[in-house]
Amino acid sequence: MNKGTGAGTGPTAAAAAAAAQKQKTMMQRVETDIANIVDNFTQLVNVARVNDPPVRNSQESFMMEMRAARMVQAADSLLKLVSELKQTAIFSGFASLNDHVEQRTTEFNQQAERTDRMLARIGEEAAASLKELESHYYSSAQRTHDTA
């Protein structure tokens, strides 16, 4: 798994650049949606003033409905953004968890290989020691004396 060792290279740098671009885009969406809500609310309050001519009141009513609908759209956009942020947090959490699991698996595999080499070395040393002990036993005076 190539993590990229140089600055500005590899998958890590690309992921960081993509994350920075996504964060910038989301911040622009937040600023736009909040500005829309504030602007429409301000216009809604300005239009809500009571006037005498009935035609003007119906126009104002239509403007109020239009501004309220725009506020709802902006609020809905913010809710979708929050949902997207939650999903991103969840999935990026899984990605980092998967990276950690892969790292630990690699470490355990390396430890298993070291253990296997150590056990093989111990087995060879034990076989050599046993062979040496056998040769001493078979060439010893005690053995020749016991068999007679």
Worksheet item: How do the pairs read when you match residues in region 129-141 that are modelled with pLDDT under 90 with residues anywhere that are part of a helix (DSSP H, G or I) and open to solvent by 100 Å² or more (accessible area, probe 1.4 Å), using Cβ under 7 Å and keeping only pairs 6 or more apart or on different chains?
Response: none
Practice prompt. Check whether at least one residue in region 87-105 is over 21 Å from ALA20 (Cβ atoms), at pLDDT 90 or above and not aromatic (Phe, Trp, Tyr), and report yes or no.
Written response: yes
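Hey, does region 55-68 have a residue that's among the hydroxyl-bearing types (Ser, Thr, Tyr) and modelled with pLDDT of 90 or more?
In the first step, residues of region 55-68 are kept if they are among the hydroxyl-bearing types (Ser, Thr, Tyr); the result is 58, 61.
The next check asks that each one be modelled with pLDDT of 90 or more; those that pass are none.
No, region 55-68 has no match at all.
The values are calculated or read from the model by the stated rules, or taken from the named source; none is laboratory data. Predicted, not measured: the structure shown is a model, and the values here were computed from it. Neighbour counts run over all protein chains shown; Cβ positions are idealised from the backbone, glycine included. Ligands, DNA and RNA are excluded from the accessible area calculation, which covers all protein heavy atoms including side chains. Shrake-Rupley method; radii C 1.70, N 1.55, O 1.52, S 1.80 Å.
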